[in-house]
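Below is one structure, written out as structure tokens, with a few remarks after it.
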Amino acid sequence: MVMTLALAGAVQGAAHAGDGGGGGGQSLYYNHAYGVLDRETADAIEHSAYLRNFANFQVRTTTGAGGQTWTGRYLMGRETYLELFGVGDLPGKDGTLGAGGLGVSTERAGDLAAVTARLREQGDGEPVEFLQTRDFGDGVPVPWFDAVFTTDRYDLFGAWGMEYRPEYFADPRSNTEPAAYPGDVGRERYLSDGYRDHLMRDVTAVRIAVTAGDLANTVPLLRAGGFTVRSVPGGGVVAKGGGTTLRFDAVPLDRVGLRQVEMSLNRPVAGRHVERLGRSDLVVGPGPRAVWTFGGTTGDQAPRATRHLGRPGTDDRP
């Protein structure tokens, strides 16, 4: 209990210190989040005909650094995406119910180095740097993105800063777009334009329940990346930047997990559609947005999600 209270106090202090952003402008933007769900929900998502119409949806197995593989369910937008797993889809504790992760990425080459330097200046410990690779099936790893973590220790959630590598964009198998400006390593270039053929456009808000310790490890990265971070009543923080709102609720370890995701749509819809997917509800419309609540109907406690984030020594993700 003493350790929990101490970590909670550290989070509160970091949040207040972060009000107004990281001091260097926006350098990191929401790229994707992931959660590990109960098997019933993960299977319902994987086999949903509705999701294949709603979003640029795919189920993909990826091989990363060290030959580690993971199979995820992806909803791809214009600049952002959501990655979902079932229990056991990731190795070790990353595949347990309730884990989750968050990737925030740069738009210009060199910005991750500036963020890493800012982390050192903040005095939040020595950042952990990592190169993720991707194997397209020929056994030859291609540099994918550079990553930085505030620590290599975590409970069931972690966040990392990332910057896509020029070698990945240069590989024709990556199916990425040409640079829109010098130094373009942005999210829109990385993702395809397949979102245009569907309703979902982008992820605009994510709510995740995490431990106080994991939250304390996350706040410095968001601050260094230029997010405006503020504490909220009841514990936790809200971070805003680049058109995305991130809410983290500080909870005991047995209550962690992905709780809710909001998405913008390519066009407004007149009615309200509710799609039940396992123990989750996706509510689309009315208007230009959708809200996906995990763990039952809106207001229920979310199931424990699991974290898949690509820490050094584990698999990383796309």
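The values are calculated or read from the model by the stated rules, or taken from the named source; none is laboratory data. Treat the numbers as computed from the prediction; the structure is a model and nothing was measured. All Cβ positions, even for glycine, are placed from backbone atoms using ideal geometry, and neighbour counts span all protein chains on display. Side chains included, ligands, DNA and RNA excluded: accessible areas come from the protein's heavy atoms. Shrake-Rupley method; radii C 1.70, N 1.55, O 1.52, S 1.80 Å.
Summary table
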quantity: Tally, over the range 152-175, of residues that are open to solvent by less than 30 Å² (accessible area, probe 1.4 Å) and assigned to a loop (DSSP other than H, G, I, E, B); calculated: 2
quantity: Residue within the range 177-192 that is among the aromatic types (Phe, Trp, Tyr) and over 19 Å from residue 103 (Cα atoms) present; calculated: yes
quantity: Subset of the range 196-225 (residues that are out of contact with any Leu (no Cβ under 6 Å at 6 or more places or on another chain), surrounded by fewer than 24 Cβ atoms within 10 Å (Cβ to Cβ) and either outside any strand (DSSP E or B) or not aliphatic (A, V, I, L, M) (or both)); calculated: 196, 197, 198, 202, 204, 207
quantity: Answer residue from the range 117-149, given it is more than 20 Å from residue 79 (Cβ to Cβ), small (Gly, Ala, Ser) and open to solvent by less than 50 Å² (accessible area, probe 1.4 Å) and is modelled with the highest pLDDT among those; calculated: 117
quantity: Strands (runs of 3 or more DSSP E) contained in the range 242-285 and holding at least 2 residues open to solvent by less than 40 Å² (accessible area, probe 1.4 Å), without any contact (Cβ under 8 Å) to a residue 40 or more places away in the chain and not aromatic (Phe, Trp, Tyr); calculated: 280-284
quantity: Subset of the range 226-240 [open to solvent by 10 Å² or more (accessible area, probe 1.4 Å), touching a helix residue (DSSP H, G or I) at 6+ places or on another chain (Cβ under 8 Å) and at positive phi]; calculated: 235
quantity: Test: residue in the range 287-308 that is among the charged types (D, E, K, R), modelled with pLDDT of 95 or more and open to solvent by less than 70 Å² (accessible area, probe 1.4 Å); calculated: no
quantity: Count of the range 117-144 residues which are not β-branched (Val, Ile, Thr) and not in a loop (DSSP other than H, G, I, E, B); calculated: 15
quantity: Options 184, 214: the member that is more than 20 Å from residue 258 (Cβ to Cβ), in contact (Cβ under 8 Å) with a residue 60 or more places away in the chain and acidic (Asp, Glu); calculated: 184
quantity: Unmet criterion (only one of (1) closer than 23 Å to residue 154 by Cβ; (2) under 17 Å from the mean Cα position of the chain (by Cα)) for residue 79; calculated: (1)
quantity: Residues located in the range 1-52, provided they are open to solvent by less than 60 Å² (accessible area, probe 1.4 Å), of a type in the set (A, V, I, L, M) and either outside any helix (DSSP H, G or I) or at pLDDT 50 or above (or both); calculated: 28, 33, 36, 37, 42, 44, 45, 51
quantity: Within the range 150-166, tally of residues that are among the acidic types (Asp, Glu) and modelled with pLDDT of 95 or more; calculated: 2
